């Protein structure tokens, strides 16, 4: 690993965000789709790929008696989903430190994939730092441990 | 899998949340700690266990030239971390559908583990549904795919 060079801010204007975080609430979804771990896994991986995400490691988990949790670790950070088939509800988070990942594509593709009647989105900026200090663009390694 | 029984709301008062989501911003952290994937992995697993989380699958990913992304899928949902050693910053998310997981323990234990000078927290309620409709408490299976 390279030695860590602390970044000195060059300017003192308004802070910039290291990451963008979108929180999505899908309501009125197809309960059968939300309950099948294989279906959710397939659709999430397709959606992340369509949105220009570089998949590092997907992990999906089935609840008893129903419901699915899924995390897709991507080179740009992560996309997660948690489903409640009995409520027709899914919570999705997109966290990315690269403009390459298209959050709107995740939202719209998943809206169709889950058969959602409504979706609400909240976008948050994470990791506010002085603007002159963002010198490095991170690139993902394929290695996951 | 059991057939999915749609939940009928019994009352029409204020909605209840299916999940709690805490967003944590750690600033002024130890850059060396934030840069080591093994250290971050060990500390995150210890923190999640201390907070009563049931670990299903941890995935950690090292960036080039530095920085770590980690996701711990837990039976209660997930805990994630993304680090920027060059900024002394880490973003942590705790998403849980069980009161068993102690978010404050994650926050305070990680504050010490990362050597953070400051931490800010934002708590969000996710998945608002009518209060009489929350009939099921989900339990995690050990199976992850």
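For the rotation that carries chain B onto chain A, the axis lies closest to a Cβ at B:71, 2, where the number is the distance in whole Å. Among B:74, B:55, the ranking by other beta carbons within 10 Å of each residue's beta carbon, starting with the fewest, stands as B:55, B:74. Plainly put, the tip 7 Å out from Cα toward Cβ on residue B:65 is 5.6 nm from that tip on each other copy, the closest given first.
In peptide B:34-47, what is the residue-averaged number of other protein chain Cβ atoms found within 10 Å of each Cβ? Don't skip to the answer; put the middle values down first.
On the way: counts 1, 4, 1, 5, 1, 0, 0, 1, 0, 0, 0, 0, 0, 0.
Shielding by partners across B:34-47 averages 1.
Sorted from fewest to most neighbouring beta carbons within 10 Å, what does the list B:64, A:35 look like?
Details: B:64 14, A:35 23.
Ranked by crowding around the Cβ, least crowded first: B:64, A:35.
Cβ-to-Cβ counts within 10 Å put A:105, B:72 in ascending order as A:105, B:72, the fewest first. Label point of residue A:54 (7 Å along Cα→beta-carbon): distances to the other copies' equivalent points are 3.6 nm, sorted ascending. Taking all Cα pairs closer than 8 Å and separated by 6 or more residues, the relative contact order of the stretch B:49-121 comes to 24 percent.
Take residue A:28, move 7 Å from Cα toward the beta carbon, and the resulting point lies 4.8 nm from the same point in each other copy, nearest first.
The numbers here are math on the coordinates, done by the rules we state, and not lab data. Treat the numbers as computed from the prediction; the structure is a model and nothing was measured. Note that we place each Cβ from the backbone using ideal geometry, even for glycine, and neighbour counts take in every protein chain shown.
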